[in-house]
Amino acid sequence: MSQYKIIFTGPVGAGKTTAINAISDTPPVKTDAAASDMTKNRKASTTVAMDYGVMNLAGGEKIHLYGTPGQERFDFMWDILVNGGIGLILLLDNTRADPFQDMKFFLDAFSKFINDTSLAIGVTQMDLSNRPTIDDYHSRLQEFGIKPPVFAVDAREKNDVSLLVQALLYSLDPGLAE
Ligand SMILES: Nc1nc2c(ncn2[C@@H]2O[C@H](COP(=O)(O)OP(=O)(O)OP(=O)(O)O)[C@@H](O)[C@H]2O)c(=O)[nH]1
Ligand SMILES: [Mg+2]
């Protein structure tokens with residue numbers, strides 16, 4: 001049976017923990033701790049080490065899902081978590097002050113891994129803030145010389161997150177995504 005690993009990253013509150021929770025076929029492992037400074041993100045806790053879940057594909061493959069902490073002070077986990085991964089999902093929160101700056105920051109931070117593997121981008125909270133648009137993201141990504149799939153996703157919705165994962169898998173191996 002084939003086993004693969006993908007990693008979710010992105011800024012605080014983008015929905016990494018929520019997304020893994022939504023699609024995992026096993027009870028997810030979370031390492032959230034209460035955080036008093038999280039009120040501006042409409043949530044009371046933040047990931048301090050990692051999230052973990054598993055998605056079972058129809059072909060019998062297992063996709064191991066790892067989520068990074070969003071906070072930069074835990075960035076020592078980022079290199080550890082990408083080890084052995086086949087692709088990266090970058091979640092961006094459209095209500096943040098400057099989502100393009102977040103995008104640049106994470107593309108830079110994970111540039112080596114992205115170069116070696118594959119990338120898909122999900123933009124969350126578009127129901128709360130509809131700008132920038134997905135087209136705006138595509139334009140900005142052209143400046144980086146990359147063309148990853150970009151979707152609007154609600155991290156709470158299993159279908160949305162699942163489509164994003166399928167897009168990433170498809171870009172790696174069209175046979176893997178069904
Ligand atoms: N309205 C709305 N809320 C969303 C959407 N996606 C996620 N959320 C909410 O946004 C919050 C995301 O929180 P987390 O999943 O903890 O975010 P995280 O990326 O794990 O954050 P850190 O671990 O702190 O880096 C949750 O309260 C979700 O319910 C969306 O598309 N729309
Ligand atoms: Mg989290």
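Does at least one position in the stretch 60-76 carry a residue that is closer than 25 Å to TYR170 by Cα, of a type in the set (Val, Ile, Thr), assigned to a helix (DSSP H, G or I) and under 16 Å from the mean Cα position of the chain (by Cα)? Within the stretch 60-76, not a single residue is closer than 25 Å to TYR170 by Cα, of a type in the set (Val, Ile, Thr), assigned to a helix (DSSP H, G or I) and under 16 Å from the mean Cα position of the chain (by Cα). Of the conditions (1) surrounded by fewer than 18 Cβ atoms within 10 Å (Cβ to Cβ); (2) more than 16 Å from the chain's Cα centre (by Cα), LEU141 clears all except one; give me its number. In the conditions (1) surrounded by fewer than 18 Cβ atoms within 10 Å (Cβ to Cβ); (2) more than 16 Å from the chain's Cα centre (by Cα), LEU141 misses (1) alone.
One residue stands out in the stretch 45-76 among those that are away from ligand 2 (no atom under 11 Å from the Cβ) and among the aliphatic types (A, V, I, L, M): the one that is modelled with the lowest pLDDT, namely ALA58.
If you go through the stretch 9-59, how many residues are of a type in the set (Phe, Trp, Tyr) and within 7 Å of ligand 1 (Cβ to nearest atom)?
Final tally of qualifying residues: 0.
Taken across the stretch 95-106, residues that are surrounded by 22 or more Cβ atoms within 10 Å (Cβ to Cβ), of a type outside the set (Gly, Ala, Ser) and in contact with an Asp or Glu (Cβ under 9 Å, 6 or more places away or on another chain) do occur, with at least one present. For the stretch 60-86, filtering for residues that are away from ligand 1 (no atom under 11 Å from the Cβ), touching a strand residue (DSSP E or B) at 6+ places or on another chain (Cβ under 8 Å) and on the phi < 0 side of the Ramachandran plot leaves 11.
Of the residues making up the stretch 64-84, those that are of a type in the set (A, V, I, L, M) and out of contact with any helix residue (DSSP H, G or I) (no Cβ under 7 Å at 6 or more places or on another chain) are MET77, ILE80, LEU81. Only residues that are in contact (Cβ under 8 Å) with a residue 12 or more places away in the chain, hydrophobic (A, V, I, L, M, F, W, C) and more than 18 Å from GLY15 (Cβ to Cβ): list them for the stretch 78-99, please. Within the stretch 78-99, VAL82, ILE86 qualify.
The values are calculated or read from the model by the stated rules, or taken from the named source; none is laboratory data. Worth saying up front: this structure is predicted, and the values here are computed from it rather than measured. Ideal geometry is used to build each Cβ from the backbone, glycine not excepted, and the neighbour counts take in all protein chains shown.
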